[in-house]
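Participant: My questions all concern the structure below.
The values are calculated or read from the model by the stated rules, or taken from the named source; none is laboratory data. Keep in mind that what you see is a predicted model, and the values were worked out from it rather than measured. Positions of Cβ are generated from backbone atoms using ideal geometry, with glycine treated the same way; all protein chains shown enter the neighbour counts.
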């Protein structure tokens, strides 16, 4: 029950951030959308800004969903490219680029832990599993460790997110990723 309330708050907040914008969505709006009391909101979150750290949870739910429908007939490399396209398309449809810009800039100057970089996230475990499988079957390079490949992959994804944000979301993020990410990731393939 407690987790249900927290999930309702997160769902309501991100819905309002998408519809109204982060600056315009108020805590009272979130409370009303989630049908909770102000005390319940403050039990889970100190401020509206704290909700930004839940982006990793939203993205991990999407990764988990995609893991369940992953095409089995693709190579590991192609699964990684499919995953990148699907998540970047999800972000394009569900997360305003201005909010991502704000979140990324806050993560850069933040001195405490970034939830987006937590290697225990579903995202990292999923990508690591695909890379381990690809390395084991001889498809992906053995000149990097799996951990190094995961870091390279996630760094490339962050680069695409940054570019999309810097270009004010002026192009299709999913299609941009579909076109450029395989080129960027060629070094992962075994030569």
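Participant: Of these, 67, 78, 4, 73, which one is without any contact (Cβ under 8 Å) to a residue 60 or more places away in the chain, out of contact with any strand residue (DSSP E or B) (no Cβ under 7 Å at 6 or more places or on another chain) and not in a helix (DSSP H, G or I)?
Facilitator: When all the criteria are applied, what remains is 73.
Participant: OK, next. Can you tell me which of 136, 189 is more than 14 Å from residue 59 (Cβ to Cβ) and surrounded by 14 or more Cβ atoms within 10 Å (Cβ to Cβ)?
Facilitator: Sole residue among the options that is more than 14 Å from residue 59 (Cβ to Cβ) and surrounded by 14 or more Cβ atoms within 10 Å (Cβ to Cβ): 189.
Participant: Does residue 25 satisfy being surrounded by 18 or more Cβ atoms within 10 Å (Cβ to Cβ), free of Cβ contacts under 8 Å to residues at least 24 places away in the same chain and part of a helix (DSSP H, G or I)?
Facilitator: Numbers: surrounded by 18 or more Cβ atoms within 10 Å (Cβ to Cβ): yes; free of Cβ contacts under 8 Å to residues at least 24 places away in the same chain: yes; part of a helix (DSSP H, G or I): no.
No; evaluated as a whole, the condition is false for this residue.
Participant: Within the stretch 29-38, does at least one residue satisfy the condition of being out of contact with any helix residue (DSSP H, G or I) (no Cβ under 6 Å at 6 or more places or on another chain), on the phi < 0 side of the Ramachandran plot, in contact (Cβ under 8 Å) with a residue 40 or more places away in the chain and assigned to a helix (DSSP H, G or I)?
Facilitator: There is no residue in the stretch 29-38 that is out of contact with any helix residue (DSSP H, G or I) (no Cβ under 6 Å at 6 or more places or on another chain), on the phi < 0 side of the Ramachandran plot, in contact (Cβ under 8 Å) with a residue 40 or more places away in the chain and assigned to a helix (DSSP H, G or I).
Participant: Can I ask one more? Scan the stretch 88-107 and give yes if some residue there is outside any helix (DSSP H, G or I) and either under 16 Å from the mean Cα position of the chain (by Cα) or assigned by TED's automatic domain parsing to the domain that holds residue 156 (or both), otherwise no. Break it down stepwise before answering.
Facilitator: Restricting attention to the stretch 88-107, the residues satisfying the condition of being outside any helix (DSSP H, G or I) are 95-96.
Subsequent filtering for residues that are either under 16 Å from the mean Cα position of the chain (by Cα) or assigned by TED's automatic domain parsing to the domain that holds residue 156 (or both) retains 95-96.
Yes, the conditions are met somewhere in the stretch 88-107.
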